[in-house]
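Student: Sharing a structure here in structure tokens format.
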Amino acid sequence: MAINYSMKVLVVDDMMTMRKIISKNMAQMGFTNITEAEDGAKAWALIAKAHQEGDPFGLIVSDWNMPKMDGLELLIKVRETEGVKTTPFLMVTAEAESSNVIKVVKAGVSNFIVKPFTPDTLTSKIKKIFS
Amino acid sequence: METFNQRYLAFTKPFVDSLKDLYSTMMSTELTQGRALYKKQGLGIQTDYTSIMGITGRYKNGDKTVDFRGNLILSWPMPTYLKSAGAMMMEEFTHFSDDVADVGMEVCNITMGGAKASLTQVGFFIEMSIPTSVYGNNLELNAQASATTIIVPMSSKLGNFYLELNYEEPLL
């Protein structure tokens, strides 16, 4: 499946630094429609609104460790909700233990990236989701 | 029975390695660590920006499970901080602003995450928390009276800064 670079992308991280790094890297990949949210709760509000408006996100890139609603809770909410449950979801995390990988795989993550990462790693993880 | 120093150094190394990995991967910068020192009360270090992340966890010592608490602390002079932020975000920053305010916290977060994975393999289990930061001109960061603190000077082409780990009782 070819990547539609004009799809709506949601980047979720409580750290502005990481949001900017991911958004910048994705813009360099060619993505043109990137929205940012600073925690899972705000992300969920944006996801629900976009779905209601008939213009859903095509990809969610979310940090795991965040206040309010973390990335795993957001992933579970997305996967349990009709209409958005198949949205590709890339989890970004600083925690690399295998127990964590198992948790997000069980929850239905599309791919998983461990910080620190290079732009090339981010690109290959995203391409793999749509391959 | 391992000595306190051996266990303490075993605990410190994954944090240093994780920080080096982060600088290498996301800032294309190799870090060199200086000699680790115990930091005593009254011997503060000068800093313009410090990020702090609490550590709670447990480890096995023989048949006993021991809980511990502490902090990971990273402290930069402002020129080093701005160069590090610039290298990480692929921009040039000449002064402190909201654009760079949480770079140090993210560095702390990633350092903790990498160390956590390594420490799990050697029997230390730690919980992630949310980092915080303080900044200002020439702050002095002193050792906590109730804590034991180890400080590791780091140097690189971006400048010098410090990694600290401190423990409240019970100690390792």
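Student: So is residue B:160 modelled with pLDDT under 90 and either not hydrophobic (A, V, I, L, M, F, W, C) or not in a strand (DSSP E or B) (or both) or not?
Tutor: no
Student: For region A:27-42, what are the residues that are under 12 Å from the mean Cα position of the chain (by Cα) and either away from chain B (no Cβ under 14 Å) or farther than 20 Å from residue A:70 by Cα (or both)?
Tutor: A:34, A:35, A:37
Student: Write out, first by first residue and then by second, each pair whose Cβ atoms fall under 7 Å of each other, whose residues are 6+ apart or on separate chains, and whose first residue, in region A:105-121, is more than 16 Å from residue B:106 (Cβ to Cβ) while the second is basic (Lys, Arg).
Tutor: A:107/A:79; A:108/A:79; A:111/A:125; A:111/A:128
Student: Follow-up question, since we're still on this one. Looking only at residues that are surrounded by fewer than 16 Cβ atoms within 10 Å (Cβ to Cβ) and more than 20 Å from residue B:125 (Cα to Cα) in region A:77-99, which one is nearest to the other protein chains (Cβ to nearest Cβ)?
Tutor: Residue satisfying both the conditions and the ranking: A:79.
Student: While we're looking at this one, here's another question. In this structure, does residue B:54 turn out to be assigned to a strand (DSSP E or B), within 14 Å of chain A (Cβ to nearest Cβ) and farther than 19 Å from residue A:18 by Cβ?
Tutor: yes
Student: While we're looking at this one, here's another question. Could you grab the pairs with beta carbons closer than 8 Å, sequence gap of 6+ or different chains, first residue in region A:24-35 and charged (D, E, K, R), second one in a helix (DSSP H, G or I)?
Tutor: As it stands, the answer is A:24/B:89, since those pairs meet every condition given.
Student: Now a separate question. Just the residues that are small (Gly, Ala, Ser), assigned to a loop (DSSP other than H, G, I, E, B) and either at the interface with another protein chain (Cβ under 7 Å from one of its Cβ atoms) or touching a helix residue (DSSP H, G or I) at 6+ places or on another chain (Cβ under 9 Å) (or both), please, taken from region B:97-130.
Tutor: B:101, B:129 - these are the residues of region B:97-130 that are small (Gly, Ala, Ser), assigned to a loop (DSSP other than H, G, I, E, B) and either at the interface with another protein chain (Cβ under 7 Å from one of its Cβ atoms) or touching a helix residue (DSSP H, G or I) at 6+ places or on another chain (Cβ under 9 Å) (or both).
Student: Could you grab me the full set of residues in region B:131-156 that are at pLDDT below 85 and not in a strand (DSSP E or B)?
Tutor: Residues satisfying the conditions are B:142, B:143, B:144, B:145, B:146, B:147.
Student: For region B:75-96, does any single residue satisfy the condition of being away from chain A (no Cβ under 12 Å), of a type outside the set (Gly, Ala, Ser), part of a strand (DSSP E or B) and surrounded by 20 or more Cβ atoms within 10 Å (Cβ to Cβ)?
Tutor: Among the residues of region B:75-96, at least one is away from chain A (no Cβ under 12 Å), of a type outside the set (Gly, Ala, Ser), part of a strand (DSSP E or B) and surrounded by 20 or more Cβ atoms within 10 Å (Cβ to Cβ), which makes the answer yes.
Student: Still on this structure, please answer the following. Out of all the residues in region A:2-18, is one or more in a helix (DSSP H, G or I), over 14 Å from the mean Cα position of the chain (by Cα), over 15 Å from residue A:110 (Cα atoms) and more than 14 Å from every other protein chain (Cβ to nearest Cβ)? Walk me through it before giving the result.
Tutor: Initially, region A:2-18 is screened for residues in a helix (DSSP H, G or I), giving A:16-18.
Checking the rest, the ones that are also over 14 Å from the mean Cα position of the chain (by Cα) come to A:16-17.
Narrowing further to those that are over 15 Å from residue A:110 (Cα atoms): A:16-17.
With the extra rule that they be more than 14 Å from every other protein chain (Cβ to nearest Cβ), the set shrinks to none.
Within region A:2-18, none of the residues are in a helix (DSSP H, G or I), over 14 Å from the mean Cα position of the chain (by Cα), over 15 Å from residue A:110 (Cα atoms) and more than 14 Å from every other protein chain (Cβ to nearest Cβ).
The values are calculated or read from the model by the stated rules, or taken from the named source; none is laboratory data. None of these values were measured; they are calculated from a predicted model. Heads up, the Cβs are rebuilt from the backbone with ideal geometry, glycines too, and the neighbour counts pull from every protein chain shown.
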